[in-house]
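Comments concern the structure below.
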Amino acid sequence: MLAFASALKTRFAANYSIAALMDTDAGKMRGFARKAGITVPMYTDFDRMCDEISPDLILVGTADVFHADYIIRALDRKIAVVSEKPLCINFEQCRAILDAKQRNPEVFAVTSHNSRYRPVARTVKKMLEQGVIGRVISAEYRETLDRVHGKSYFRRWNSRRKFSNGLELHKSSHHFDKLNYLLNSYAVEVTASGVLLNYGANAPHSYEGKNCHSCQHRDVCPDFFQFDAELFNSEIYAPDQCIWSPEIDIEDNFSAGIRFANGVYVNYSLCAAADYEGEVIQLQGESGRLEAVQLAFSNRQDDLHSIQAVPLENIRIYRCGSAQPEDFPVEHVGLGFHGGADYTLFTDLFSENPPPSLPTLEDGILAVSTGAAAVQSIRTGKKVLIPEDILRMAGKHRFRTDAE
Ligand SMILES: NC(=O)c1ccc[n+]([C@@H]2O[C@H](COP(=O)([O-])OP(=O)(O)OC[C@H]3O[C@@H](n4cnc5c(N)ncnc54)[C@H](O)[C@@H]3O)[C@@H](O)[C@H]2O)c1
């Protein structure tokens, strides 16, 4: 949300201004306002804010489980809405959002999936459209969060299933959206398996606590973490929960076999305790194998969303019968957070005529559906079909026709 606030205050100030903030945590809200350098009315009640401010656009950036409620309330008030990813966290919320969208089809609603805006992803999309490897048949997508970034999810609300439904939604929905975008399709069937190996009840020592700032082991624990108390100026929540809490109930490693409506089969995996950060995507086409690497390295002990991380990006094509891979340059458009992805996403989002590449509400639903199916498959040990009614309401069906 700080990235949104900063862009709205600068690049888009001619057409937009932040009219108000709403957050159930008044202390955090004050901290956010100070950090973002904005002085606006602040509310802890959504309806009151809408009644008094009459906003033209709502940006939803709460903990994931609450997105659906605010999206639906915005749609029913005919207010344009942009939601952070994941759009929501389970199939029930997908249905409720799609119902609200059907009641209010004219209301502008998008999901801020910035990962498809990464320079590597945009370059690969262009290459696929140009037919550089022909039709894609299968793919591998390997996502790794380094130990610094990975750990950050286990210190916060994200590590409790009731708030996030796991990294399958919170993190991987970005990648599922990117796969849908690159493959020009959507998942119809998911088989997944996952475990918690590096955090929670897996501590390499005998102690655990509640929060670092109040922990009796703070002087000896190698994972002591000092959070930003200026931003989290809160009396009810601190993002320094113990990463060794047995209450952590999400996976830090999972893999999923995903079948797409257009027949493409994808192997996806996520590891949240790796030695480097980033992703490797391999697309097997009819006439070549494209390998896209987007990694980041940092010696800082903070989040790799930092623009100070050192990027390693390359795109290569391998062709059967040729010992020489072909290198393709990655096209960069803007600088800033997420490898310039926020810059280009915001350009599309806040332009007068938003382009079709903007991830819609339905795109958000399709990404969530893949993640929710992965969670269900891990829990049941069974293959999960994306529910037909959700596909239909999102304007899709199980088998895509050539006309699509
Ligand atoms: N697109 C991206 O790359 C990206 C990056 C970071 C975070 N995010 C998304 O942004 C959202 C916020 O993440 P964060 O890391 O900033 O979390 P955060 O904990 O810093 O902020 C969440 C805020 O929501 C507030 N909140 C909690 N419950 C609420 C409720 N019921 N009503 C209103 N407000 C409520 C909290 O008080 C807090 O201020 C998440 O959905 C996350 O997935 C997206």
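Would you mind checking the pairs LYS9/LYS35; LYS151/LYS171; LYS85/LYS162; LYS78/LYS171 and listing those with alpha carbons more than 21 angstrom apart?
LYS78/LYS171
Tell me, what is the Rg over Rh of the stretch 201-242, with Rh the Kirkwood radius over Cα pairs?
Taking Rg over the Kirkwood Rh, I get 0.99.
Taking only the Cα atoms of the chain, how large is their convex hull per residue, in Å³?
Hull volume normalised by residue count: 148 Å³.
Using Cα positions and a limit of under 12 Å, work out the aspartates and glutamates in reach of LYS383, with same-chain residues fewer than 8 apart set aside.
GLU189
Amide H of GLU189: which non-local residues (sequence gap of 5 or more, or other chain) have their own amide H closer than 5 Å, using H built in the peptide plane?
Here the answer is ARG259, ILE386, since their amide H atoms fall under 5 Å of that of GLU189.
Going toward the positive end of the dipole of the stretch 201-242, with +1 on Lys and Arg Cβ and -1 on Asp and Glu Cβ, which of PRO204, ALA238, CYS221 do you reach last?
Farthest along the dipole direction, towards plus: PRO204.
Mind checking which aspartates and glutamates have their C-alpha under 14 Å from LYS28, skipping anything on the same chain fewer than 8 residues away?
Qualifying aspartates and glutamates at Cα under 14 Å: ASP228, GLU230, GLU235.
Where does each of MET49, MET42 land when they are ranked from fewest to most other beta-carbon atoms within 10 angstrom?
Arranged by neighbour count, lowest to highest, MET49, MET42 become MET42, MET49.
Among all the lysines, which ones have a C-alpha under 16 Å from LYS396's C-alpha, if same-chain residues fewer than 8 places away are not counted?
LYS396 reaches LYS101.
Using θ = phi - 60° and the Karplus relation 6.51 cos²θ - 1.76 cosθ + 1.60, list the HN-Hα couplings for the stretch 351-365 in order, rounded to whole Hz, with x at every Gly or Pro.
Going residue by residue, I get 7, 5, 10, x, x, x, 6, 5, x, 7, 4, 5, 4, x, 4 Hz, with x marking Gly and Pro.
Amide H to amide H, which residues 5 or more places from ILE137 or on other chains are under 5 Å from it, using H placed in the peptide plane?
The list, which skips near neighbours in sequence, is GLN284, GLY285, GLU286.
Grab the DSSP H runs of the chain that are 4 residues or longer, score each as -39,500 (n - 2.57), total them, divide by all residues and round the 222 nm result to the nearest 500 deg cm²/dmol.
-9000 deg cm²/dmol
Ordered by residue, what ³J(HN,Hα) values in Hz, to whole numbers, does the stretch 136-152 give under the Karplus form 6.51 cos²θ - 1.76 cosθ + 1.60, where θ = phi - 60° and Gly and Pro are x?
7, 10, 8, 8, 10, 10, 10, 10, 10, 9, 6, 4, 6, 5, x, 4, 4
Could you list, bin by bin from short to long, the percent of Cα-Cα pairs of the stretch 1-45 in 5 Å steps?
All Cα pairs considered, the percentages come to 5, 23, 34, 23, 11, 5, 0.
Could you go through the stretch 5-14 in sequence order and give the Karplus-derived ³J(HN,Hα) for each residue, using 6.51 cos²θ - 1.76 cosθ + 1.60 with θ = phi - 60°, rounded to whole Hz, and x for Gly and Pro?
4, 5, 5, 5, 6, 10, 4, 10, 5, 5
Can you tell me the dipole magnitude for the chain around its Cα centre, using point charges on the Cβ only (Lys, Arg +1; Asp, Glu -1), in Debye to the nearest 20?
Dipole size: approximately 440 debye.
Every read-out reported here was derived from the displayed coordinates using simple, explicitly stated rules and does not represent laboratory data. Since the structure is predicted, the reported quantities are computational estimates derived from the model, not experimental observations. All Cβ positions, glycine included, derive from the backbone under ideal geometry; neighbour counts span all protein chains shown.
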